[in-house]
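The values are calculated or read from the model by the stated rules, or taken from the named source; none is laboratory data. Just so we're clear, the structure is a prediction, and the values are computed from it rather than from any experiment. Because the Cβ atoms are built from the backbone with ideal geometry, glycine has one as well, and the counts that use them run over all protein chains shown. Please note that ligands, DNA and RNA were not included when accessible areas were found on the heavy atoms of the full protein model with its side chains. Shrake-Rupley method; radii C 1.70, N 1.55, O 1.52, S 1.80 Å.
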Amino acid sequence: MHAAVVRSFDTPPRYETFQTPEPGSEHEIAVDVLAAGLHPRVRSGASGSHYTSTEELPLIPGVDGVGRSADGRLLYFVAADGAFGSMAERTVVDRRRAVVLPDDVDVSAIAAGMNPGMSSWVALRKRISFRAGQNVLVLGATGNAGQMAVQIARFLGAGRVVGAGRDTQRLAGLKRLGADETVSLNGEADEIAQALATAGGDVDVVIDYLWGSVTDRAIPALVQGRAERSRPLWWIQIGSMAGITITLPSAALRAANLQLLGSGQGSVTTAGIAAELPELAAQITAGTFVVDPLPTPLADVESAWSKPTVSGQRIVFTP
């Protein structure tokens with residue numbers, strides 16, 4: 001069979017022939033892959049930089065996808081941890097990490113939307129006790145996952161949604177996705193801090209895809225901007241596009257009821273994540289969220305790997 005194969009962490013995957021995998025346990029089934037999304041998580045895994053990387057090579061990238069089982073069922077699946085992912089003509093799926101889809105579903109939309117959507121969906125449904133009416137700030141709202149987070153927060157009943165990001169074009173489009181207000185992260189540090197304090201001082205939850213220098217400024221700004229500092233502020237760390245570390249003033253933890261936690265592989269059980277798959281898949285299938293897939297032949301993986309896309313698009317490889 002053919003697959004995208006990573007043989008070096010310094011170069012994009014190449015389209016090659018590769019040994020066809022076979023099920024190895026009672027829970028595993030083989031599926032023909034129909035679509036697999038090129039997510040940031042896939043890129044970091046293929047570069048060896050993700051925190052779950054075992055540095056094992058060669059590897060087949062891809063963390064999820066849509067496939068057809070031997071009995072004809074259409075499945076969305078989360079790929080098993082290891083060296084064999086979803087960017088291949090055929091892969092092995094743990095049935096406990098898959099959900100049956102309607103036959104008429106747009107497989108590219110599911111492959112494009114599930115991974116970025118799951119980050120905020122799981123964060124709000126599994127990591128905290130999110131209640132309708134609470135206010136949410138999304139840091140990194142102009143990325144694909146951030147745009148999904150704005151929509152998902154609104155869908156789950158957020159009273160107010162604030163989106164913050166750098167991409168001017170995407171920032172302008174956030175209100176169409178459900179944001180009540182936007183904050184530009186371009187400009188002088190003091191101006192950004194003031195804008196965040198003004199717009200986000202009353203938020204209950206921060207979904208943070210950026211971390212690094214942005215969060216260095218954002219935490220003190222939001223703490224200082226709160227009228228009622230004893231009111232809980234849940235800060236959910238998901239991504240690190242602006243840096244992998246922050247400097248956290250100790251006063252920020254004493255001066256406000258700041259609750260720092262992360263959401264990702266390890267902080268939620270596999271079973272817990274799998275339990276959330278059916279409803280999110282149903283909402284994407286129903287068109288509840290705006291998803292913009294860019295179907296691309298898997299044979300073009302090497303050239304498409306670093307290909308720029310327009311606002312909101314996600315490359316989906318189709319074997």
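Yes/no per residue for (1) hydroxyl-bearing (Ser, Thr, Tyr); (2) over 30 Å from residue 263 (Cα atoms):
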{"site": "9", "(1), (2)": "no, no"}
{"site": "12", "(1), (2)": "no, no"}
{"site": "21", "(1), (2)": "no, yes"}
{"site": "26", "(1), (2)": "no, no"}
{"site": "29", "(1), (2)": "no, no"}
{"site": "44", "(1), (2)": "yes, no"}
{"site": "61", "(1), (2)": "no, no"}
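With a requirement of 2 or more residues that are within 18 Å of the chain's Cα centre (by Cα), the strands (runs of 3 or more DSSP E) lying completely within segment 56-131 that satisfy it span 64-69, 74-78.
Just checking, does segment 47-54 include any residue being under 20 Å from residue 143 (Cα atoms) and touching a Ser or Thr at 6+ places or on another chain (Cβ under 8 Å)? Yes, segment 47-54 contains a residue that is under 20 Å from residue 143 (Cα atoms) and touching a Ser or Thr at 6+ places or on another chain (Cβ under 8 Å). Residues in segment 2-27 that are touching a residue at least 40 places away in the same chain (Cβ under 8 Å) and outside any loop (DSSP other than H, G, I, E, B) were compared, and the one that is farthest from the chain's Cα centre (by Cα) is 2.
Within segment 55-92, being touching a residue at least 60 places away in the same chain (Cβ under 8 Å) and among the hydrophobic types (A, V, I, L, M, F, W, C) holds for 78, 84, 87, 88, 92.
Residue count for segment 251-267, restricted to those that are of a type in the set (A, V, I, L, M, F, W, C) and either modelled with pLDDT under 90 or open to solvent by 20 Å² or more (accessible area, probe 1.4 Å) (or both): 5. When residue 141 is tested against (1) in contact with a helix residue (DSSP H, G or I) (Cβ under 6 Å, 6 or more places away or on another chain); (2) among the small types (Gly, Ala, Ser); (3) part of a helix (DSSP H, G or I), exactly one condition is not met: (3). Here segment 154-163 is the region considered, the condition is being in a strand (DSSP E or B) and free of Cβ contacts under 8 Å to residues at least 40 places away in the same chain, and the residue that is surrounded by the most Cβ atoms within 10 Å (Cβ to Cβ) is 163.
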